[in-house]
Every structure is written in structure tokens, then in C-alpha cells.
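Chemist: Submitted below is the structure of interest, expressed as C-alpha cells.
The values are calculated or read from the model by the stated rules, or taken from the named source; none is laboratory data. Just so it is clear, the structure is predicted and the values come from calculations on it, not from any experiment. Here Cβ is always computed from backbone atoms with ideal geometry, including for glycine, and neighbour counts include all displayed protein chains.
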Amino acid sequence: MTFTALTGVYSMQYGELVETYRVTLGDKTYEVPVEYYVWKNGNGHFVWVSLGVHPLEYQAHKCMFEAVKWFVYNSGEFEGTLVVSWIKIPAEYYQSGSEEEKYRVSRDLGQLTFYNHVLPYVLHPKELGSKVGVPITRKPELFLDVHAHRPSWGVSEFILIPAGPIHGNDNPESFQRALQICEVLAGVIGARVDTQQTGTSPPWVTAPVAKHGIPAATFENGYYYIGQELPPNYDNYRTELDKAFLEALYLYALEGGRVPPTPEGYRKLARWYAMAAETWGRTVEYLSKAAETHPEYRSELQRLAEIAAKIRDLLVEMSEECKRVAELLERGQRDEAARLVDSELIPEYEEVTRLYDEYISGTKRIPVRISDVFASEEHESGDYIEVFGVKLPVSLAATIAGAGILAAVITFKVSVNPLVGLIACGALLWLSRRWS
Ligand SMILES: [Zn+2]
């Protein structure tokens, strides 16, 4: 179906489509439906959001879809094109057998469906556009594959993994572009960027997209648990983060990290800083818990928790100050606003930058690197891995590594700067001082 609604100066175009594909796995053939949703409002940025590749992670997909609907219909800020593909594997296909079998069958089916049937549309979106009656004339600027991961993998709940050389993407341009976008985005919502994390899906999903020149990233959109309830209210929290994520992606990251020095610009920055404060707050909780269960690293973990808590508190303050700057700008008190930026926001921003460096070097004092943890297969907690000849419980290794170490990518000699996002905010603050 297609309909057109008037939103602001543009007219919103929308179309949807369901196609069912036959997918063969081993000696069985399955019928797998895939839903496509296309929104277009004017000529702004174009992002493709892929859902359902790993059906056991469905809560993360539902939350992102809620956030997408909010963004296109209710935020008042959507300009551009947004496509969602959602692989809906019937649960009966993976309900029999052992946990291991369910896990494997559900994931393999999703990956194969994507690779054989959804990928051609991502590479040639014009064809999808003509089927749903919404003209699409160019390729996505970013392709995002949404997943969830298990808590034992580490502290960071929200991780962006740009498709790079370790996943089989041999296109340096698409990798660098995805990395830039992810870093700017991560800086304002408190997510982490990890170029070294491997997994089963990238070779089937993000890497084939990125090879064709479309920047692509996997987004670990929070946690999932097998046979266990999510913490209360977890999905509300995740949906709120996803809203900030989409907003910051379209209005900030794809704009090269610039927000205009207007009341609206500062209100958005306020909301994103608040979100970043919340994710750092969770990092504090996890580190404090880890300090109890791993007495051998107690002092290091406590120190990291203290730094993370300071970052959290500063982000809370910065968020409040951004709101005040917005109010002052609204009342036409531009000098006052500029003074607040000079005397409070910039020094705090510099302090966060310094603390982040301290945090990163603190994580290095514990002999684990993120690649040592994530390059390996998933571990049960209680497993041990050997790092520089030291045996460490995987749960601890993941706790530390997930907390924010970025491994440098040497293959393409890309310098990885975890602070690009914050630096971009800083540049914005510096620029906006020159109002008067
Ligand atoms: Zn997954």
C-alpha cells in the first residue's frame, strides 16, 4: 500500500511490502516472510535499518522499530529516506531441539535470508522503491544491522561495529566512512565503537553491503537473555536510547557532527548528553559489581568506576547547561548564552575529554585487550582465556574490555579516535562562542 501525507513543507511518502522467500538449510526448505517499510520525506539522508537477522534478539528489533515510527511520524525532524527490512522467521522453525540447535538454526536462517533475498534490494534500492511506489534514486548513506548481545560479552550495552577488514570488507572507503559516522554518533549517545568485534553475522550481512561501497555497521542494541526475563523497564530504556540514536544519526552524525547554535540545537545536545550520562551510569554499576566479584583487580576496577562516575556527573551537568543555553538564546540573551558556554560547557567538555583518556589508560593497566576477548567465540561465563600468559576469567576480561578500549585498525592505517564525537561537540561549542 502507499499513501502520502503532508508534513511541513514536504509531503511524506510511505510504502510497505511483504515478500515470502524459500530458504534451504541443510535438507529442509523454509518459507520466510520479510517485511519492507519505506518512508521518504524530501531529499535528506538515506539510512537502511535491517531487523530480524537473529530472531532470538527480537526485543532489540521491536524497540528500534518503535523508535523508527516515532522518528518518522512524531519527532517532527525526519527529512530524507528511511527503509526498514524485517526478516520474520516463524518461531516454529526453531522451537524444537536443543538450545544450541535453536540458536544455530534461527541465526543461520536469518543470515541466509538476508544474503540471498534482502541484500539485492539494499544494493539496488530503486527496485524496492518502484515495487512500493516510493521513488528511491540513490544508495543508502548508512546500512545498519540491529542485534542484541548477551551481557557476558561486556559492560557496553550499545556497541557499533563498522564492517571492516576483519569481517571481510575489502573496501577501505566504506569502512572509513562507517567508522567516522559511528564515532560521531557514539560520542553523543554514550555507545562504544568496536572495530575488532567479530561475530557470525557480519560476513553474511554488513560485509557484503560494505564491499559494494555502502558504509555498513552492526549495532548491538542492548542485551538479550536466553530463558531469562529482561530487567524491568529495560525495553523502555532501550527504545528511548534508540530514539536518541536515530535523531543523532540523521541530524548530527550524517551532518558531520555539526548542530546549529540555536535553541533547538542545544536542546538536542542536552537530550543526547543525558542519554550518554545514563549509559555511563550503567558502566559505573557494572564496574562496581565486578570489583566485588574480582577482588584481585578490585583497586583498578574501583578506580575505573570512579572515573566513569565523574564522566557521568559531568554529562548530567552539561545536559542541564545546554538546556539553559537554549533558554537564553530563546530570550535573545546571546551574550549570556555565550558566557555560559565559555565558563561552564567548554571547561567541562575538556574535563570529560581528559577523564576519558584517563579511563582508557586505566583499562590498559589490566592486561586484557578488547580484541583478545571479542575475537574469540562466545564463552560461557566461568571460561578462562589466556592473555599475555595470564589466565583471566572471561567474564572479567569482557567486563574490562567492553568498558571502552578501542583497538586500532592497522590494516587500512585508520587512526581510531574514540573522542571524535566529543571533539565535534567541542568544535560546535567553540564556534558558537563567536555569536556576538
Ligand atoms: Zn545477533
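Chemist: Which of the helices (runs of 4 or more DSSP H) found entirely inside the stretch 167-270 contain at least 1 residues meeting this: within 16 Å of the ligand (Cβ to nearest atom)?
Modeler: Helices (runs of 4 or more DSSP H) meeting the threshold: 206-211, 234-248.
Chemist: Follow-up. Please work out if Arg104 is in the same structural domain as Leu51 (by TED's automatic domain parsing), without any contact (Cβ under 8 Å) to a residue 24 or more places away in the chain, more than 20 Å from the chain's Cα centre (by Cα) and farther than 15 Å from Thr218 by Cβ.
Modeler: yes
Chemist: Ala326 passes all but one of (1) buried (at least 17 other Cβ atoms within 10 Å of the Cβ); (2) small (Gly, Ala, Ser); (3) over 22 Å from the mean Cα position of the chain (by Cα); (4) closer than 17 Å to Tyr359 by Cα; which number fails?
Modeler: Ala326 satisfies every listed condition except (4).
Chemist: Name the residue that is farthest from the ligand (Cβ to nearest atom), counting only residues in the stretch 21-63 that are closer than 21 Å to Lys131 by Cα and aliphatic (A, V, I, L, M).
Modeler: Among them, the one singled out is Val38.
Chemist: Looking at (1) in a helix (DSSP H, G or I); (2) modelled with pLDDT under 90, which is the only condition Pro367 fails?
Modeler: Pro367 satisfies every listed condition except (1).
Chemist: With respect to His149, is the statement that it is within 16 Å of the ligand (Cβ to nearest atom), surrounded by 24 or more Cβ atoms within 10 Å (Cβ to Cβ), more than 17 Å from the chain's Cα centre (by Cα) and touching a residue at least 40 places away in the same chain (Cβ under 8 Å) true?
Modeler: So His149 fails the test.
Chemist: Please work out which one of (1) assigned by TED's automatic domain parsing to the domain that holds Leu142; (2) surrounded by fewer than 24 Cβ atoms within 10 Å (Cβ to Cβ); (3) not polar (S, T, N, Q) is the condition Pro261 fails and give its number.
Modeler: (1)
Chemist: If you check Ala290, Ala270, which single one turns out to be at negative phi and modelled with pLDDT of 90 or more?
Modeler: Going through Ala290, Ala270 in turn, the sole match is Ala270.
Chemist: Sticking with this structure for a sec: So, in the stretch 94-105, exactly how many residues are buried (at least 21 other Cβ atoms within 10 Å of the Cβ) and out of contact with any Lys or Arg (no Cβ under 8 Å at 6 or more places or on another chain)?
Modeler: Number of matching residues: 1.
Chemist: Now for a different question. If the Cβ limit is 7 Å and pairs must be 6+ apart or interchain, which residue in the stretch 299-317 that is surrounded by fewer than 19 Cβ atoms within 10 Å (Cβ to Cβ) pairs with which residue that is of a type in the set (Val, Ile, Thr)?
Modeler: Glu300/Ile366; Ala309/Val284
Chemist: Conditions: (1) closer than 18 Å to Leu249 by Cα; (2) touching a residue at least 60 places away in the same chain (Cβ under 8 Å); (3) in contact with a strand residue (DSSP E or B) (Cβ under 7 Å, 6 or more places away or on another chain). Val23 meets all but one. Number of the miss?
Modeler: (1)
Chemist: Could you tell me which numbered condition Glu66 fails, if it satisfies all but one of (1) modelled with pLDDT under 95; (2) farther than 27 Å from Gly164 by Cβ?
Modeler: Only one criterion in (1) modelled with pLDDT under 95; (2) farther than 27 Å from Gly164 by Cβ is unmet by Glu66, namely (1).
Chemist: A further question follows. Has the stretch 76-93 got at least one residue that is away from the ligand (no atom under 16 Å from the Cβ), more than 21 Å from Val209 (Cα to Cα), crowded, with 21+ Cβ neighbours inside 10 Å and in contact (Cβ under 8 Å) with a residue 60 or more places away in the chain?
Modeler: Yes, because at least one residue in the stretch 76-93 is away from the ligand (no atom under 16 Å from the Cβ), more than 21 Å from Val209 (Cα to Cα), crowded, with 21+ Cβ neighbours inside 10 Å and in contact (Cβ under 8 Å) with a residue 60 or more places away in the chain.
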